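*Asks:* Quick one: this structure, given as structure tokens, is what I'll be asking you about.
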Amino acid sequence: GSLRPMKRPIDAIRAFEIARDKRPQLRMVIAGSSSGRYAEKVLDYIKNSKHSDAIDFKGRVSNKQKTKLLDDATVILVTSVKEGWGLIVTEANNQGTPAIVYDTDGLRDSVVHGETGLIVKSGDIKKMGNNLVQLIDDYELYERLSKSAFEHSKQFTFQNSYQDFIRLTGLK
């Protein structure tokens, strides 16, 4: 999608910067459309970051590229103001990639705290950065979350969604 204020990508970058101050080997990849005034603000923030050398902005990517990025990622940071569900979290989980997300509508629904990822108070950039360091440092925790995230994602299929729709609406 596009870089929009409601997604708060600068919060994710700032959390990454906190983590990278402690773990200089970290790298961040950001994907999304770079058109629009807000996207220019994000790109300017990246350019001026003391960790700009470790932030790779990909721009808009195909679904195939997105899946590869999610598979290659260690963790996904999601800082949206709200989501309908947090589909990107489920897509990441399907690749075995746990998420650290803000405690907002949709995101708190798509992450089981301590099982498929970690939930932090909305706007708590420092906690998100520290949780990123914790996941990288604690191999057992990371492996547990990764495996659980993958298993949890398997329940979100078209067939299951269709059955839920029928059950809730009574329509066929």
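The values are calculated or read from the model by the stated rules, or taken from the named source; none is laboratory data. The model shown is predicted, which means the values in this text are computed figures rather than measured ones. All Cβ positions, even for glycine, are placed from backbone atoms using ideal geometry, and neighbour counts span all protein chains on display. Heads up: the accessible areas ignore ligands, DNA and RNA and are worked out on the full protein's heavy atoms, side chains in. Shrake-Rupley method; radii C 1.70, N 1.55, O 1.52, S 1.80 Å.
*Asks:* Within the stretch 161-172, identify whether any single residue is open to solvent by 20 Å² or more (accessible area, probe 1.4 Å) and under 27 Å from residue 11 (Cβ atoms), and answer yes or no.
*Replies:* There is no residue in the stretch 161-172 that is open to solvent by 20 Å² or more (accessible area, probe 1.4 Å) and under 27 Å from residue 11 (Cβ atoms).
*Asks:* Same structure, new question: Answer yes if at least one residue in the stretch 18-41 is in contact (Cβ under 8 Å) with a residue 40 or more places away in the chain and closer than 14 Å to residue 79 by Cβ, and no otherwise.
*Replies:* yes
*Asks:* Of everything in the stretch 66-86, what is over 17 Å from residue 12 (Cα atoms) and either open to solvent by less than 30 Å² (accessible area, probe 1.4 Å) or part of a helix (DSSP H, G or I) (or both)? Give them in sequence order.
*Replies:* If the condition is that a residue be over 17 Å from residue 12 (Cα atoms) and either open to solvent by less than 30 Å² (accessible area, probe 1.4 Å) or part of a helix (DSSP H, G or I) (or both), then 66, 67, 68, 71, 72 are the ones that fit.
*Asks:* Here's another thing I want to ask about it. Among the residues of the stretch 97-137, write down those that are over 14 Å from residue 14 (Cβ atoms), modelled with pLDDT of 95 or more and among the acidic types (Asp, Glu).
*Replies:* Hits for the stretch 97-137 are 103, 105, 115, 137.
*Asks:* May I ask you to list the residues in the stretch 115-142 that are within 17 Å of residue 90 (Cα to Cα) and open to solvent by 20 Å² or more (accessible area, probe 1.4 Å)?
*Replies:* Result: 115, 119, 142.
*Asks:* Only one of these is touching a residue at least 24 places away in the same chain (Cβ under 8 Å) and in a helix (DSSP H, G or I): 161, 146. Name it. Quick ask: steps written out before the conclusion?
*Replies:* On the way: 161 fails: touching a residue at least 24 places away in the same chain (Cβ under 8 Å).
After applying the criteria, what remains is 146.
*Asks:* Restricting the search to the stretch 1-42, which residues are more than 25 Å from residue 134 (Cβ to Cβ) and either open to solvent by 60 Å² or more (accessible area, probe 1.4 Å) or in contact with a Cys (Cβ under 6 Å, 6 or more places away or on another chain) (or both)?
*Replies:* 1, 4, 5, 6, 35, 37, 40, 41, listed by residue number.
*Asks:* So which of 97, 104 ends up being buried (at least 18 other Cβ atoms within 10 Å of the Cβ) and either free of Cβ contacts under 8 Å to residues at least 24 places away in the same chain or farther than 16 Å from residue 16 by Cβ (or both)? Please lay out each step first, then the result.
*Replies:* Details: 97 fails: either free of Cβ contacts under 8 Å to residues at least 24 places away in the same chain or farther than 16 Å from residue 16 by Cβ (or both).
Result: 104 is the single residue among 97, 104 that is buried (at least 18 other Cβ atoms within 10 Å of the Cβ) and either free of Cβ contacts under 8 Å to residues at least 24 places away in the same chain or farther than 16 Å from residue 16 by Cβ (or both).
*Asks:* OK, next. Here are some residues: 96, 123. Which one is under 16 Å from residue 71 (Cα atoms), assigned to a loop (DSSP other than H, G, I, E, B) and out of contact with any Leu (no Cβ under 7 Å at 6 or more places or on another chain)?
*Replies:* 96
*Asks:* Now a separate question. Being part of a helix (DSSP H, G or I) and of a type in the set (D, E, K, R) is the filter; apply it to the stretch 132-143 and report the residue that is farthest from residue 74 (Cα to Cα).
*Replies:* Only one residue fits best here, namely 140.
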